[in-house]
Every structure is written in structure tokens, then in C-alpha cells.
Amino acid sequence: MAHALKDQARHMRRRWYAYAPVLAIWMLAYARLFVDPTPRLPLVFNWTPSLPYRLGWVRPAPPVLQRGDYVLFAFAGDAQAYYPGLRGQPFFKRIRGLPGDTITVTNRVVAINGQAVGSAKVRTYDHRALTPIGAMVIPPSHYYVQGSSPDSFDSRYRESGLVRAEQVLGIVKPLF
């Protein structure tokens, strides 16, 4: 066993140039997840099924956001109690509700201004209960955001909530 470890260490020393980029990527990923999740590049990658887009170009947000805009925002929902790693993580969703719009919920079906926009699931994949957002009028400087997948964790749930204008990091132009 000790001989095998020595051989592996010798191999890694001789080929440090192959291992250094992997180590650097892991260190950057760790820093991004636990130190500062704010994206520093104008590109956003989406690895979840919440939207059909995998890559988008981030631009500064205009003073007034429109229904249908794709936004990148820093997560600040109540789910942080269960999932502390979500704090400040960038989420990429589409704006479905604007300030002044009315949200209603009937039998877990969420509607904005009377038009159904999605159904709220009962539980997460790890079996934690999900509570639908309450009926309300969207307050000023808040937005209802939603992904296109029925499994998207978005404003349909009280644990995620509405997005405040100051959480928005930019608007996203989907590339593919």
C-alpha cells in the first residue's frame, strides 16, 4: 500500500502540469461556493432543469425590469435554514410577476392576475415540505420569478419567495 502511494506521488510530481489546473478549478469552485458566490464573469451557466437554457450573457439590469426578462439574482429565501449553501448563490429565472400584480393560490395552483402560471409541489426531492406562496399583491421593488420546469425552486414557494430589486445582479440574454 505504501509503495503504491509513493508511486502515485512520484507520478503526480512528474506531471504537475496536468494536476495543477484541476486543483485550481477545485479551489475556485470551493471559494465560489463558500466564500463569495457572486459571479465575476458576464457568463452564467445553468446546470439545472429549471430553464431550457444552459448558457447566458449577463448585462447590467435596467432600472425597470419587464415581464419575461431573464434575471440573475442572489438567493435570499427562507430555505437557507435547511440549505445554508444557497445563501447568495446566483439563480437564473424568468420574471413572471411585477409590482402591483395579484398572486392567488388555489389548490397549490399559483396564478398571477388570474392567469395560472404553475403548480406548487408538496415536497422537495429530499422530502422537505414546501409551502406555496401566499396570496398577495406584489409590493413595490419585488418580482415574482419562475423557471420553466415544474421542479424549479422559485417564487411559487414561500421558502424561496419574491425577489427584491436589490437582489438582481443583472439581466440574462440566453445564448443556448
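Derivation of every value follows stated rules applied to the coordinates shown; laboratory data play no part. Please read these numbers as outputs of a predicted model, since none were measured by experiment. In this analysis, Cβ positions are derived from the backbone assuming ideal geometry, glycine residues included, and neighbour counts consider all displayed protein chains.
How many of the residues in segment 138-176 are closer than 23 Å to A61 by Cα and assigned to a strand (DSSP E or B)?
So the count comes out to 14.
If I ask for residues that are in contact with an Asp or Glu (Cβ under 6 Å, 6 or more places away or on another chain) and surrounded by fewer than 20 Cβ atoms within 10 Å (Cβ to Cβ), which ones from segment 139-176 would you list?
Step one: filter segment 139-176 for residues in contact with an Asp or Glu (Cβ under 6 Å, 6 or more places away or on another chain), giving 145-147, 159-160, 171.
Passing the criteria: only I171.
Quick one: count up the residues across segment 113-129 that are touching a Leu at 6+ places or on another chain (Cβ under 9 Å) and not small (G, A, S).
Looking only at segment 113-129, we keep the residues that are touching a Leu at 6+ places or on another chain (Cβ under 9 Å), and these are 120-124.
Okay, now just the ones that are also not small (G, A, S), so 121-124.
Summing the residues that are touching a Leu at 6+ places or on another chain (Cβ under 9 Å) and not small (G, A, S) in segment 113-129 gives 4.
Go through segment 99-126 and give me each residue that's of a type in the set (D, E, K, R) and either within 20 Å of P140 (Cα to Cα) or surrounded by 16 or more Cβ atoms within 10 Å (Cβ to Cβ) (or both). Working first, answer last.
Applying the first criterion (of a type in the set (D, E, K, R)) to segment 99-126 yields 101, 108, 121, 123, 126.
The answer is D101, K121.
Just a yes or no: is a residue in segment 62-72 more than 21 Å from K121 (Cβ to Cβ), among the hydroxyl-bearing types (S, T, Y) and in a strand (DSSP E or B)? Steps first, please.
So the first thing to find is which residues in segment 62-72 are more than 21 Å from K121 (Cβ to Cβ), and the list is 62-72.
Checking the rest, the ones that are also among the hydroxyl-bearing types (S, T, Y) come to 70.
Remaining after also requiring in a strand (DSSP E or B): 70.
Checked segment 62-72: at least one residue is more than 21 Å from K121 (Cβ to Cβ), among the hydroxyl-bearing types (S, T, Y) and in a strand (DSSP E or B).
From the list R59, R96, R40, R87, pick out the single residue that is within 23 Å of V172 (Cα to Cα) and either crowded, with 16+ Cβ neighbours inside 10 Å or touching a Leu at 6+ places or on another chain (Cβ under 9 Å) (or both). Show your work before the answer.
Working: R59 fails: either crowded, with 16+ Cβ neighbours inside 10 Å or touching a Leu at 6+ places or on another chain (Cβ under 9 Å) (or both); R40 fails: either crowded, with 16+ Cβ neighbours inside 10 Å or touching a Leu at 6+ places or on another chain (Cβ under 9 Å) (or both); R87 fails: either crowded, with 16+ Cβ neighbours inside 10 Å or touching a Leu at 6+ places or on another chain (Cβ under 9 Å) (or both).
The match here is R96.
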